[in-house]
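Student: Below is the structure I would like to discuss, written out as structure tokens.
The values are calculated or read from the model by the stated rules, or taken from the named source; none is laboratory data. Keep in mind the model is a prediction, meaning the values are calculated, not measured. In this analysis, Cβ positions are derived from the backbone assuming ideal geometry, glycine residues included, and neighbour counts consider all displayed protein chains.
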Amino acid sequence: MEKRISLPQKKKDASMRRVLREAKHLIEQKGYYNTTVRELCERCMISKTTFFNYFESKERIVLMIIDECAEELQTYIDETLQDCADPVESLRLAFLFLLDSLNRYNNLSGVFFQLASENPSHRDALKQFFQIVTPLVHQAQAVGAIRADIDTDCIVQLLEGLQFSAFYNAPSEERADVFADTFAAWMLFLKGNGACKA
């Protein structure tokens, strides 16, 4: 039996979505540190008390937006990549999809990585991306498209590193090409018979 959502809960959920939407817009426009809770409250027509009933901090908004990005990635993999016959291509497309999300939320992404580096509890939000793409690496290893003698977690971390390098070191309009080029080069190694083992 489906649980019915009360009217107050529906209003709260709608208000939280509105705050998240405004936060995305303001943070991308002004930057995280230049966006205040007061400003968010004014734009969403809620009190600070209501804001803090929904979110324990401004950081929590960033983490919730990152959770949304992870859900979008999982949906993309489940709905778009499920019929892709080439597991390496699935991996490449999944990372390009995630890179597109990082580009869309450029300021938020930078703040998130900073928060994750400063606060161990925020690193769990980052780990969810590793967990989402790990099955794709397993599939590629199972069919011999990627070497099975290299630890899956090491491969995922390598690919995440390539993505972060493209994000931080290339202009936004070139990031996808930079990632695709380095991904292709590393796939040559990961398909080969080199001596690197985990």
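Student: Of these, Ala116, Ala70, which one is free of Cβ contacts under 8 Å to residues at least 12 places away in the same chain, in the same structural domain as Phe183 (by TED's automatic domain parsing), under 20 Å from Arg175 (Cβ atoms) and not in a loop (DSSP other than H, G, I, E, B)?
Tutor: On the way: Ala70 fails: free of Cβ contacts under 8 Å to residues at least 12 places away in the same chain.
Result: Ala116 is the single residue among Ala116, Ala70 that is free of Cβ contacts under 8 Å to residues at least 12 places away in the same chain, in the same structural domain as Phe183 (by TED's automatic domain parsing), under 20 Å from Arg175 (Cβ atoms) and not in a loop (DSSP other than H, G, I, E, B).
Student: Could you list, in sequence order, the residues of segment 1-14 that are without any contact (Cβ under 8 Å) to a residue 12 or more places away in the chain and either assigned to a helix (DSSP H, G or I) or among the charged types (D, E, K, R) (or both)? Let's see the steps before the verdict.
Tutor: Here is the first cut: in segment 1-14, the residues without any contact (Cβ under 8 Å) to a residue 12 or more places away in the chain are 1-11, 13-14.
Hits for segment 1-14 are Glu2, Lys3, Arg4, Leu7, Pro8, Gln9, Lys10, Lys11, Asp13, Ala14.
Student: With the structure loaded, tell me whether Lys12 is within 24 Å of Tyr168 (Cβ to Cβ), surrounded by 13 or more Cβ atoms within 10 Å (Cβ to Cβ) and of a type outside the set (A, V, I, L, M, F, W, C) or whether it fails that test. Walk me through how you get there before you give the answer.
Tutor: Working: within 24 Å of Tyr168 (Cβ to Cβ): no; surrounded by 13 or more Cβ atoms within 10 Å (Cβ to Cβ): yes; of a type outside the set (A, V, I, L, M, F, W, C): yes.
No.
Student: Of the numbered conditions (1) touching a helix residue (DSSP H, G or I) at 6+ places or on another chain (Cβ under 9 Å); (2) part of a helix (DSSP H, G or I), Arg17 fails exactly one; give the number of that condition.
Tutor: Arg17 satisfies all of (1) touching a helix residue (DSSP H, G or I) at 6+ places or on another chain (Cβ under 9 Å); (2) part of a helix (DSSP H, G or I) except (1).
Student: In segment 126-135, is there at least one residue being in contact (Cβ under 8 Å) with a residue 24 or more places away in the chain, in a loop (DSSP other than H, G, I, E, B) and touching a Leu at 6+ places or on another chain (Cβ under 9 Å)?
Tutor: Within segment 126-135, none of the residues are in contact (Cβ under 8 Å) with a residue 24 or more places away in the chain, in a loop (DSSP other than H, G, I, E, B) and touching a Leu at 6+ places or on another chain (Cβ under 9 Å).
Student: Does Asp78 satisfy being of a type outside the set (Ser, Thr, Tyr), surrounded by fewer than 16 Cβ atoms within 10 Å (Cβ to Cβ) and more than 16 Å from Gln128 (Cβ to Cβ)? Don't jump to the end; show me each part of the working.
Tutor: Numbers: of a type outside the set (Ser, Thr, Tyr): yes; surrounded by fewer than 16 Cβ atoms within 10 Å (Cβ to Cβ): yes; more than 16 Å from Gln128 (Cβ to Cβ): no.
When the stated conditions are applied, Asp78 does not pass them.
Student: Also, quick follow-up: When you scan segment 156-169, do you find a residue that is loosely packed, with under 13 Cβ neighbours inside 10 Å, touching a residue at least 24 places away in the same chain (Cβ under 8 Å), farther than 24 Å from Glu59 by Cα and touching a helix residue (DSSP H, G or I) at 6+ places or on another chain (Cβ under 9 Å), even just one?
Tutor: Narrowing segment 156-169 to residues loosely packed, with under 13 Cβ neighbours inside 10 Å: 157, 161, 168-169.
Of the ones still in play, those that are also touching a residue at least 24 places away in the same chain (Cβ under 8 Å) are 157.
Going one step further and asking which of them are farther than 24 Å from Glu59 by Cα, we end up with 157.
Then drop every residue that is not touching a helix residue (DSSP H, G or I) at 6+ places or on another chain (Cβ under 9 Å), which leaves 157.
Yes, segment 156-169 contains a residue that is loosely packed, with under 13 Cβ neighbours inside 10 Å, touching a residue at least 24 places away in the same chain (Cβ under 8 Å), farther than 24 Å from Glu59 by Cα and touching a helix residue (DSSP H, G or I) at 6+ places or on another chain (Cβ under 9 Å).
Student: So, Leu63, is that one within 30 Å of Ser90 (Cα to Cα), among the hydrophobic types (A, V, I, L, M, F, W, C), touching a Leu at 6+ places or on another chain (Cβ under 6 Å) and not in a loop (DSSP other than H, G, I, E, B) or not?
Tutor: On the way: within 30 Å of Ser90 (Cα to Cα): yes; among the hydrophobic types (A, V, I, L, M, F, W, C): yes; touching a Leu at 6+ places or on another chain (Cβ under 6 Å): no; not in a loop (DSSP other than H, G, I, E, B): yes.
Taking the combined requirement at face value, the residue does not satisfy it.
Student: Restricting to segment 27-43, and then to whatever is crowded, with 19+ Cβ neighbours inside 10 Å and free of Cβ contacts under 8 Å to residues at least 60 places away in the same chain, can you tell me which residue is farthest from Tyr105 (Cα to Cα)?
Tutor: Residues of segment 27-43 crowded, with 19+ Cβ neighbours inside 10 Å: 27, 32, 35, 40.
Cutting the leftovers down to free of Cβ contacts under 8 Å to residues at least 60 places away in the same chain gives us 35, 40.
On the way: Thr35: 15, Leu40: 17 Å.
Filtering first and then ranking leaves Leu40.
Student: Restricting attention to segment 73-110, report how many residues are assigned to a helix (DSSP H, G or I) and either within 22 Å of Val178 (Cβ to Cβ) or touching a Ser or Thr at 6+ places or on another chain (Cβ under 6 Å) (or both).
Tutor: Of all residues in segment 73-110, those assigned to a helix (DSSP H, G or I) come to 73-79, 87-104, 106-110.
Narrowing further to those that are either within 22 Å of Val178 (Cβ to Cβ) or touching a Ser or Thr at 6+ places or on another chain (Cβ under 6 Å) (or both): 73, 76, 88-104, 106-110.
So the count comes out to 24.
Student: Is it true that some residue in segment 98-113 is within 17 Å of Thr134 (Cβ to Cβ), surrounded by 17 or more Cβ atoms within 10 Å (Cβ to Cβ) and in the same structural domain as Val143 (by TED's automatic domain parsing)?
Tutor: Checked segment 98-113: at least one residue is within 17 Å of Thr134 (Cβ to Cβ), surrounded by 17 or more Cβ atoms within 10 Å (Cβ to Cβ) and in the same structural domain as Val143 (by TED's automatic domain parsing).
The rows are residues; the columns are (1) β-branched (Val, Ile, Thr); (2) modelled with pLDDT of 90 or more; (3) under 19 Å from the mean Cα position of the chain (by Cα); (4) not in a helix (DSSP H, G or I).
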| residue | (1), (2), (3), (4) |
| --- | --- |
| Asp177 | no, yes, yes, no |
| Thr182 | yes, yes, no, no |
| Ala185 | no, yes, no, no |
| Ala198 | no, no, no, yes |
